[in-house]
Structures are given as structure tokens and as C-alpha cells.
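The values are calculated or read from the model by the stated rules, or taken from the named source; none is laboratory data. Quick caveat, the model's predicted, so the values are computed rather than measured. Note that each Cβ is placed from the backbone with ideal geometry, even for glycine, and that neighbours are counted across all protein chains shown.
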Amino acid sequence: MGMESGEVPGGGLMNIPAACELAVPCDLAPSSRSIRTYAVLLLFLALRAFGNLSLAWGTKHLPETLAADPLVYLRSMMDPFVALGIVMLILALLARLALLSVADLSFILPMTAIGYLLAALLGRFFLHEAVSPQRWLAVALIFGGAALVSGTPQNTTGRVEDRK
């Protein structure tokens, strides 16, 4: 009697990757997971960058300066740009949670550092901030580090369920 697909000698079932369970060829699973990871990473970067831009725009146009009074902060949340920024940053946090569930922390955090480049560009062109050469150099170094990390494996430990 032959073995069924997924069975291993001794009668048990082997741990089949989730992508294979969805009838996706197993040899395509890592690249599709990689594409999905980078798509969520891009979503995270956009949400965080534009969320921070919206917060900065909104707070710079408030009638009063934010201080120690909690009521000032609560009133500031009624500003549409501040509210939009808060929502976008909450969504960015959820995207980060998704990223951390599929890739290593040591991969995700350096990759999200690309957001510093976006922040500098958005600050310069939308908020008309003066970005000094030292800041551009710092951003370039961060971007270079992220580029180095992007060439490494996304997940070196596997999921907890996969190790059991």
C-alpha cells in the first residue's frame, strides 16, 4: 500500500506549508510570501510617512500650541488632518504587526527605516522644511543600511508552529 500525499513513514502527517494547503505549488510559496511581505512593507511605509505628514500638517495649523493641558490634545484630535494622521498611524501599526508575524524583527526594523527617507522628502517638499546636508547624509546612510538588509533572508527562525 502506497503512502498518501502528506504522509511520512511511521503514519504521521508532515507539516505542510500554508501556501501548499491552498493549492499553490510549494516551489512558488517562498517567492509569493516574499512579494506579500514587501507589499505589506510598502503599505506600512506609506501609512507611516503620510500619517506623520498629516499629523505634522495638522498640528502646525492648530490655533493653539500643544502643551501640558490634556484638553488641548483632545481638541487637536478634532482637526481633520490630525485625525487622519492618527488613523493612518494606527493602520501602520497593524501593518507592522502583520510584518512581524511573517519576518524577523532584525529584517523588518531596518527595512522600515526607509521611512526616514520618505519623512525627509515629505518634510522638504510638503512642509517646506530646510533639510541640512548633514540630515541628507544621515538619511542616505540609513537608506544604505536598509538596502544591505534587503538582500538578506526575511525569516531565519520560522514560525513558532513550524518549529513544533
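Can you work out which of the residues in the stretch 72-107 that are charged (D, E, K, R) and in a helix (DSSP H, G or I) is nearest to Asn52 (Cα to Cα)? Don't jump to the end; show me each part of the working.
Of all residues in the stretch 72-107, those charged (D, E, K, R) come to 75, 79, 96, 104.
Restricting the remaining residues to those that are in a helix (DSSP H, G or I) gives 75, 96.
Numbers: Arg75: 18, Arg96: 15 Å.
Going through the qualifying residues, I end up with Arg96.
Might you check whether a residue that is among the hydroxyl-bearing types (Ser, Thr, Tyr), at pLDDT 50 or above and more than 28 Å from Ala120 (Cα to Cα) occurs anywhere in the stretch 38-55? Talk me through it step by step, then tell me what you get.
Kept after step one, since they are among the hydroxyl-bearing types (Ser, Thr, Tyr), are these residues of the stretch 38-55: 38, 54.
Cutting the leftovers down to at pLDDT 50 or above gives us 38, 54.
Now narrow it down to the ones that are more than 28 Å from Ala120 (Cα to Cα): none.
For the stretch 38-55, residues among the hydroxyl-bearing types (Ser, Thr, Tyr), at pLDDT 50 or above and more than 28 Å from Ala120 (Cα to Cα): absent.
Name every residue in the stretch 43-71 that is surrounded by fewer than 15 Cβ atoms within 10 Å (Cβ to Cβ) and in a helix (DSSP H, G or I), in order of residue number.
Once the filter is applied, which keeps residues that are surrounded by fewer than 15 Cβ atoms within 10 Å (Cβ to Cβ) and in a helix (DSSP H, G or I), the stretch 43-71 yields Lys60, Pro70, Leu71.
For the stretch 132-147, give me the residue count where each residue is assigned to a helix (DSSP H, G or I) and over 17 Å from the mean Cα position of the chain (by Cα). Break it down stepwise before answering.
First, the residues of the stretch 132-147 that are assigned to a helix (DSSP H, G or I): 133-147.
Subsequent filtering for residues that are over 17 Å from the mean Cα position of the chain (by Cα) retains 133-141, 144.
Result for the stretch 132-147: 10.
Being modelled with pLDDT under 90 and either closer than 12 Å to Leu43 by Cα or among the aliphatic types (A, V, I, L, M) (or both) is the filter here, so list the residues in the stretch 69-95 that pass it. Before the answer, list the steps.
From the stretch 69-95, those modelled with pLDDT under 90 are 69-76; that's our starting set.
Within the stretch 69-95, Leu71, Val72, Leu74 meet the criteria.
Within the stretch 24-37, can one find any residue that is within 25 Å of Gly115 (Cα to Cα), aliphatic (A, V, I, L, M) and either outside any loop (DSSP other than H, G, I, E, B) or modelled with pLDDT under 85 (or both)?
yes
With of a type outside the set (Asp, Glu) and in contact with a helix residue (DSSP H, G or I) (Cβ under 6 Å, 6 or more places away or on another chain) as the only criterion, which of Met78, Met88 stands out? Spell out the reasoning first.
Details: Met78 fails: in contact with a helix residue (DSSP H, G or I) (Cβ under 6 Å, 6 or more places away or on another chain).
The conditions single out Met88.
If you check Pro153, Pro133, which single one turns out to be at negative phi, surrounded by fewer than 16 Cβ atoms within 10 Å (Cβ to Cβ) and touching a Phe, Trp or Tyr at 6+ places or on another chain (Cβ under 8 Å)? Let's see the steps before the verdict.
On the way: Pro133 fails: touching a Phe, Trp or Tyr at 6+ places or on another chain (Cβ under 8 Å).
After applying the criteria, what remains is Pro153.
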